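Beneath this line is the structure, given in structure tokens, with notes to follow.
Bear in mind that the values in this text are calculations on the coordinates, not laboratory data. From a predicted model like this one, the values you see are computed outputs, not experimental measurements. Cβ sites come from the backbone with ideal geometry, for glycine too, and all protein chains shown count toward neighbours.
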Amino acid sequence: MTALTGYFLEDSLAAGEKAELAVDSQGRPFEARLVRLLGPADDFQPDAAWFSSAPAGDVVGHPGAEQRTTAGSYAATGRVELPERIAFATWLWPTLPAAGRPAVVFSANGSAGAGVALLLDGEGRPRIRVTPVEGDVVEVVAPTPLVARRWASIALSVDMAAGRIELAVVAGGAFERVRGEFSPLAAVDRGVGSFALGAELAPDGARHHFDGKLDRPRLWFAAAGEGEVAQLAQDEGDPLGTPAADWSIDSVEAAAHPPFAIGTGPLALTIVNRGQPGVTGRTWSGAVLDYRLDPAQYTAIRFHSDDLADAGWTTSLVLDLPVDLPSGVYAAELSIGDERAWIPLYVRPAAGRSRNDVLYLAPTMTYLAYGNDRQHTHAEFGDMTGGNPLRDYEHWIDAHPEVGSSIYDFHPDGDGCSFSARRRPLGNVRPDYVSWITGTPRHFSADLAVVGWLDDTGVGFDVATDHDLDRLGAELLGRYRVVVTGSHPEYVSGAMLDALEGYLADGGKLMYLGGNGYYWVTGVTEDGSIEVRRGHAGTRMWESAPGEDLLAVSAEPGGLWRHRGRTPNRLVGIGFAAQGWAGNRPYTVAEDLPAGLHELVFGSIAPGAVIGADGRFGGAAGDEVDRWDPALGSPPEAVVLARSQRFTDAYQPAVEDQLTVTPGIGGAENPRVRSDIVYWPRAGGGAVFAVGSISWALSLPLSGYRGDVAEICTNVLRGLLAGRL
């Protein structure tokens, strides 16, 4: 199992900039050097030497360090003076009330672990715990456990001077109240401390994280009198007057100014590990599905005990990128003896330096969406591995839940993960990655085949990323005559689509060398993390809760771009049709193409010929495939160059294509389960060449980039550059 990993604080930089690298070597000395990834070393050999690299920097030694990652979202104030008397009330919607461990809802944290905590015990019973500076812990416990995913209201009062505590709970129509007393001399430290929601702050960090929602949490610097705690729990006004802090969320404000804080002034809460606004509160009626329409129904915040916004590791090395370093896909190669790890880095041309005519656009948002995915642990996918073994990096991912999940995974409470952090180690974004589903390279490792093919053509190319495109937009693309994609640009932001559409409208030319692209609406945070709300349709691992389809970071509807009228068909001429992981197929070249077009694309390959049939994959069409479909916006002027069909029933259609489940929808009978290669000459001189298959890229390096797939791509690239296509 690998114990050597790391990440770049910024993984896309211009030549001449400094690259900060954080490494966890478990305290062992390690060496690092910058290498340029040149693509596959030879034909497909994932268990031997799938990729090749060349040194691009000197070997640097480092004494090594052990880095710590702390997951779990919560909110905390800065250091404030803790009063003698506090009262607190909140609505809560626990998702793991009986987790077998404490789950802290609210805490007042003094020095050396002293403080007050409102928590759910391991059985889900509400409890107040007073931990004095000296003496015994004092607790009161409500007798009835809370029910998962049911709103309840809780209030507490703690009077340090009088030695009295009281807890009231309203849940499921029932009311419970418990009281306790303690010696005032055993009170907690009333000096400087912090308040927190969703966790307890200890000297060594936050602990006992809460899973669920909190709505309308309020704090008073007063003790509640007889009957007032019950009023607070029953939410019957504010008997203690205006609270010192009202920590209700404004989801609209949070979307407008991420990262967000709760409240203002000394009692403002800072969100740690993100948390999730834009979720329904206890007053949500179902009448609105958009938090912008009635923010008062969306005043809750969602916490998860495994949320992660940033691993927060310290910088181990700073690599000075020479100003004349060629743009390309690089990696920090880390080594301890025979142990190796590679941390990807994308280098753009230095400002003011000459650029090539071709841009390779690395789909980093898709890499992030799948980063550290644990789909192989899901019961419903247990039979999908096809006998492919799990590798050391997958075992490492399984053993380190604290480094965060992919957006294909689930939180401990069973909810889908909607955020994926960028600043963290990604165990499966590596050049030697082999997918447990397909037994082949996928995502980053597969896209090295595109990089290798571009390098083999001798046509100079630059590199940028999805994140660069989201940030720079049309300014980035406008510098290039041809843009080439990776094999699976599935996750894209609105800014990216705008830039691509504008680029094509202005005469730009795009080679879409993948499948299932431009599919999910993707929000991007300031630090490059992504958010996805799945909505209620599409081929998905989980779906959003009712009323929670809008992204928290941008207040835009989530789900599929298709359901916002921006189908991939309208952008690149084809769109997602089917997926399957057994029985790839070749393509058949169309027989009625104009002679000039056929020659430009296929050269000496005859009309009606079978292409993409060589290699151990069974064919270049496979994994996830796209089709030309006018009903979804494919333009009639787009020319279908080749088609692959008659897949087996291992290939099933995209879920969003099926209104009902009927016989004959599998690949063996369904004509919509197919892959189409299209050429689309755009008005204004732009053009799109789209292959509609994730597996296409893996056929590029076959026969040393001299197979038919590589030949076709090279013909198209040269034709686009020369203005003949």
Self-check item: With at most 14 other Cβ atoms within 10 Å, longest stretch of the chain clear of loop GluC sites (Glu not before Pro) (DSSP)
Solution: 237-525
Self-check item: Summed side-chain charge close to Ser699 - residues other than Ser699 whose Cβ falls under 9 Å, Lys, Arg +1, Asp, Glu -1
Solution: -2
Quiz prompt | Proximal charge balance of Leu550 [Cβ under 11 Å; K/R count +1, D/E count -1] | solution = -3
Quiz item: Just the Cα atoms of region 205-333, one point each, no solvent: what log10 I(q)/I(0) does Debye give at q = 0.19 Å⁻¹?
Solution: -1.18
Practice problem: Between the alpha-carbon centers of region 288-318 and region 344-377, tell me the distance in whole angstrom. | Solution: 24
Quiz prompt | Cα radius of gyration and Dmax for region 4-133 (Å) | solution = 24.7, 72
Practice problem: Could you pull the Cα extents of region 74-303 along its three principal axes, largest to smallest, in whole Å? | Solution: 51, 37, 36
Quiz item: Using all Cα-Cα distances in region 58-209, what percent lands in each 5 angstrom bin from 0 up to the longest?
Solution: 2, 9, 18, 21, 18, 13, 7, 3, 2, 2, 2, 1, 1, 0
Practice problem: List the extent of the Cα atoms of the chain along each of their three principal axes, largest first, rounded to whole Å. | Solution: 93, 60, 48
Quiz item: If we count every other residue with Cβ under 14 angstrom of Leu571's Cβ, Lys/Arg +1 and Asp/Glu -1, where does the sum land?
Solution: +1
Quiz item: Mind ordering 99-107, 349-357, 425-433 by average Cβ neighbours within 10 Å, highest first?
Solution: 425-433, 99-107, 349-357
Quiz item: Considering only the chain, what is the antiparallel percent among its DSSP beta bridges, to the nearest 5?
Solution: 85
Quiz item: What 222 nm value per residue comes from the helices of the chain, counting each DSSP H run with n ≥ 4 as -39,500 (n - 2.57) and dividing by all residues, nearest 500 deg cm²/dmol?
Solution: -3500 deg cm²/dmol
Quiz item: With the Cα gyration tensor of region 354-722 giving a ≥ b ≥ c as the square roots of its eigenvalues, does the rule (a/c under 1.5 for rounded; else a/b larger than b/c for prolate; else oblate) give rounded, prolate or oblate?
Solution: rounded
Quiz item: Roughly speaking, what is the centre-to-centre gap between region 18-40 and region 76-101 when only Cα atoms are used, to the nearest Å?
Solution: 42
Practice problem: Would you kindly derive the ³J(HN,Hα) couplings of region 162-171 from the backbone phi angles with the Karplus curve 6.51 cos²θ - 1.76 cosθ + 1.60 (θ = phi - 60°), listing them in order in whole Hz, with x for Gly and Pro? | Solution: 8, x, 10, 10, 8, 10, 10, 9, 10, 8
Exercise. Give the order of Val673, Val532 when sorted by the count of other beta carbons within 10 angstrom, beginning with the fewest.
Key: Val532, Val673
Quiz prompt | Whether region 556-678 is rounded, prolate or oblate, judged on the alpha carbon gyration tensor where a/c under 1.5 counts as rounded | solution = oblate
Exercise. Could you tell me whether region 161-234 comes out rounded, prolate or oblate from its Cα gyration tensor? Rule is a ≥ b ≥ c as square roots of the eigenvalues, rounded for a/c under 1.5, then prolate if a/b exceeds b/c, otherwise oblate.
Key: oblate
Quiz item: Taking neighbour Cβ counts within 10 Å as the exposure measure, how do Val158, Val553 sort from fewest upward?
Solution: Val553, Val158
